[in-house]
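Input: a single structure, listed below in structure tokens.
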Amino acid sequence: MTSARPRVVVIGLDGASPDLVRRWSDSRDLPALRSLIERGSFGPLLSTIPPVSPPAWSTFMTGLNPAGHGILGFRNLDARRYELHEADIVSSQAIAGKTFWDYADARGLRVGVLWVPITFPPWPVNGVLVSGYPTPDSARAFGWPESLVAALPGLTEDSAFFNSATPTEVALELVRLARERGRIAAELIRREAFDLFVMVIGSIDRAQHDFWRYHDSQSPVHDRIEASRLGSTILDIYRAADRAIAQLLEAVSPNTTIFIVSDHGGGPAAEHAIHLNAWLRQRGLLTARPAGVARRALSATYGWLKNHFPAKEQLFRRSPASLRRKLTLFDADATLNIRLVEWAQTKAYRFPLYPTCEGIAVNLAGRQPEGCVRESEYEPLRDRLLADLKALCNPRGGKPIICHAFRREDAFSGPHLERLPDIIVQFQPGYAGGPGLWGDWLTPVPLDQLRKVSGMHRMEGLLIAAGPTLRREAKTEGATLCDIAPTVLYALGLPRPATMEGRVLTDLFDPEYVGNHPVETTEVSLPTAEPSHAGLSRREQDEIAERLRALGYMD
């Protein structure tokens with residue numbers, strides 16, 4: 001690596017929230033982040049819709065919106081299916097060869113990429129790539145080249161452990177994962193000559209999901225006694241991530257450009273559930289048959305076991321494959337109430353994306369299996385739904401509960417647009433989607449559910465940028481995850497690929513530098529790379545699905 005060649009380090013902090021980073025960097029609890037903010041820029045970074053890791057990190061890597069890269073969740077969502085998704089787990093095959101480090105690689109730069117989600121199976125790079133979650137086995141590392149990666153410890157999340165460990169054990173493991181990722185990354189940077197280095201620390205996101213109720217005294221499930229013991233856990237995890245960042249800063253040269261990025265933020269889980277299917281039924285747009293007493297009792301029992309029985313994953317793993325498939329179908333049915341919908345008499349139905357962001361799918365004739373909405377009715381129906389959604393208010397107090405409602409094509413573009421629901425709905429803070437068909441369309445979220453997951457993703461992540469060609473205190477308002485890929489390439493002195501939708505955040509850079517280095521665009525695109533072993537075997541699919549289910553990412 002020559003001294004004249006720009007060097008860039010990108011550190012992803014999964015779920016890091018700008019308000020918490022600002023508070024704790026101001027109080028000097030996060031000295032490494034504080035130093036970067038003081039010599040660079042800090043501000044919000046808008047996540048994807050939905051604000052969940054697979055589409056968000058894929059957008060971060062590719063500079064494409066989710067309809068462009070096609071990754072909408074941990075499974076391939078598809079609004080043309082009543083079951084809402086395909087059976088397969090998403091993998092790197094949709095994005096391999098099309099990331100910003102692949103473009104850097106193609107220009108002869110040496111890259112190091114560690115633990116970025118949705119990079120399994122790994123693919124060849126000019127340097128090192130270690131796959132992030134989900135992987136089939138957390139006890140080992142997967143990556144390229146295998147000869148180097150085989151010597152590294154497995155540092156992806158162990159779902160079986162998280163599902164059965166005590167809160168104290170979970171907290172210690174999250175600290176360990178952040179610490180070890182920092183240590184391994186610093187060692188690799190010192191040993192290998194990287195022009196571009198990218199890594200993700202995932203501990204913060206898990207901490208906010210599990211420990212928000214101890215951190216936040218306003219949480220309806222806050223326990224003061226437990227908070228005296230666990231109330232600092234989220235701060236402890238942020239501190240561990242900050243120490244990992246400090247290790248990396250010590251390992252790189254002083255003239256390295258640093259970007260700190262989070263895929264989304266975090267905050268309290270919603271206290272109110274909006275049941276869009278019940279709302280649609282009340283408007284005559286969805287027809288449902290009532291659940292019998294036996295079904296309701298079975299669903300209630302199943303829900304209680306799912307929330308209270310920590311060994312369920314171990315039992316699931318030991319079950320025969322045929323039984324596991326049946327349990328998976330039962331789980332989806334119990335969660336989505338698919339079998340209770342009279343599809344031939346339903347014009348629109350709920351399409352869950354993430355609790356704070358949902359969709360409504362139109363049951364279009366010729367597209368859905370039992371579609372009944374004629375093409376001439378399609379736009380008038382969407383107009384009606386959008387008007388009704390925007391007017392939707394909480395009966396108690398009359399405040400709006402919808403933040404945004406819009407047609408899918410108003411926010412997305414790309415070859416996978418048809419897999420998205422026809423209308424996208426973003427709820428106001430405090431509200432989340434629910435599966436109800438009968439009864440009220442607005443209900444309290446059960447306290448047991450809030451105790452299990454007391455923190456939830458927010459659309460606003462963070463961006464910190466510091467380096468020799470960047471200016472201090474630049475504004476990041478309007479910056480999105482889509483902009484990171486072309487901006488990193490620009491910082492490396494490389495052109496922006498025309499296939500990337502994101503823009504170069506030139507406001508982060510010194511005006512004189514931008515004047516001397518105008519943004520260039522290249523029409524060259526890269527072919528899809530062949531992962532080190534093509535596709536996922538059925539066994540790998542099952543193993544990853546079980547891990548995601550135990551982590552709460554799949555029903």
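If you filter region 4-36 down to residues that are farther than 25 Å from SER47 by Cα and among the basic types (Lys, Arg), you find that the one that is surrounded by the most Cβ atoms within 10 Å (Cβ to Cβ) is ARG7.
Of all residues in region 42-61, exactly one satisfies the criterion of being surrounded by fewer than 22 Cβ atoms within 10 Å (Cβ to Cβ) and small (Gly, Ala, Ser), namely GLY43.
Does LEU276 qualify as being aliphatic (A, V, I, L, M) and more than 20 Å from ARG458 (Cα to Cα)? Yes. Here the condition is being without any contact (Cβ under 8 Å) to a residue 24 or more places away in the chain and of a type in the set (S, T, N, Q); of SER413, SER376, it holds for SER376 alone. Residue-level analysis places ILE184 outside the set of residues that are β-branched (Val, Ile, Thr), closer than 30 Å to LEU481 by Cα and touching a helix residue (DSSP H, G or I) at 6+ places or on another chain (Cβ under 8 Å). Within region 175-201, the residues that satisfy the criterion of being in a loop (DSSP other than H, G, I, E, B) and at pLDDT 95 or above are PHE194, ASP195. Evaluate the following for ARG471: is it over 21 Å from the mean Cα position of the chain (by Cα), closer than 13 Å to ILE49 by Cβ and surrounded by 15 or more Cβ atoms within 10 Å (Cβ to Cβ)? Against the criterion (over 21 Å from the mean Cα position of the chain (by Cα), closer than 13 Å to ILE49 by Cβ and surrounded by 15 or more Cβ atoms within 10 Å (Cβ to Cβ)), ARG471 does not qualify. Among the conditions (1) at pLDDT below 95; (2) of a type outside the set (Ser, Thr, Tyr); (3) crowded, with 20+ Cβ neighbours inside 10 Å; (4) within 16 Å of LEU64 (Cα to Cα), LEU505 misses just one, which is (1). Screening ALA300 against (1) modelled with pLDDT of 95 or more; (2) assigned to a helix (DSSP H, G or I) leaves a single unmet condition, (1).
Please indicate, with yes or no, whether at least one residue in region 224-241 is assigned to a helix (DSSP H, G or I), aromatic (Phe, Trp, Tyr), surrounded by 20 or more Cβ atoms within 10 Å (Cβ to Cβ) and in contact (Cβ under 8 Å) with a residue 24 or more places away in the chain. There is at least one residue in region 224-241 that is assigned to a helix (DSSP H, G or I), aromatic (Phe, Trp, Tyr), surrounded by 20 or more Cβ atoms within 10 Å (Cβ to Cβ) and in contact (Cβ under 8 Å) with a residue 24 or more places away in the chain. Number of residues in region 353-408 that are closer than 19 Å to LEU77 by Cβ and acidic (Asp, Glu): the value is 1. Taking each residue of region 76-103 that is closer than 13 Å to SER58 by Cβ and looking for partners that are among the acidic types (Asp, Glu) and not in a helix (DSSP H, G or I) with beta-carbon atoms closer than 7 Å, six or more apart or interchain, yields ASN76/GLU86; ASN76/ASP88.
Scanning region 131-168 for residues that are assigned to a helix (DSSP H, G or I) and out of contact with any Phe, Trp or Tyr (no Cβ under 8 Å at 6 or more places or on another chain) yields a total of 10. Consider only pairs whose beta carbons are under 7 Å apart and that are at least six residues apart or on different chains; among these, list those whose first residue lies in region 139-164 and is farther than 16 Å from ARG179 by Cα and whose second residue is of a type in the set (Ser, Thr, Tyr) and modelled with pLDDT of 90 or more. Qualifying pairs under 7 Å: PHE142/SER131; GLY143/SER131. For region 509-525, the tally of residues that are within 21 Å of ALA106 (Cβ to Cβ) and modelled with pLDDT of 80 or more stands at 6. Of all residues in region 165-200, exactly one satisfies the criterion of being of a type in the set (Gly, Ala, Ser), in contact (Cβ under 8 Å) with a residue 60 or more places away in the chain and over 25 Å from GLU250 (Cβ atoms), namely ALA171. Residue-level check: of (1) within 28 Å of GLY284 (Cβ to Cβ); (2) modelled with pLDDT of 95 or more, MET459 misses just (1). Can you tell me which residue among ALA151, ALA94, ALA139 is touching a His at 6+ places or on another chain (Cβ under 7 Å), surrounded by fewer than 23 Cβ atoms within 10 Å (Cβ to Cβ), in the same structural domain as LEU489 (by TED's automatic domain parsing) and small (Gly, Ala, Ser)? Sole residue among the options that is touching a His at 6+ places or on another chain (Cβ under 7 Å), surrounded by fewer than 23 Cβ atoms within 10 Å (Cβ to Cβ), in the same structural domain as LEU489 (by TED's automatic domain parsing) and small (Gly, Ala, Ser): ALA94. Kindly establish whether VAL111 is among the aliphatic types (A, V, I, L, M), crowded, with 17+ Cβ neighbours inside 10 Å, at pLDDT 95 or above and touching a Gly at 6+ places or on another chain (Cβ under 7 Å). Considered against the rule, which asks whether it is among the aliphatic types (A, V, I, L, M), crowded, with 17+ Cβ neighbours inside 10 Å, at pLDDT 95 or above and touching a Gly at 6+ places or on another chain (Cβ under 7 Å), VAL111 comes out as yes.
The values are calculated or read from the model by the stated rules, or taken from the named source; none is laboratory data. The shown structure was predicted, so the numbers you read here are calculated from the model rather than taken from an experiment. Methodologically, a virtual Cβ is constructed for each residue, glycine included, from the backbone with ideal geometry; neighbour enumeration extends over all protein chains shown.
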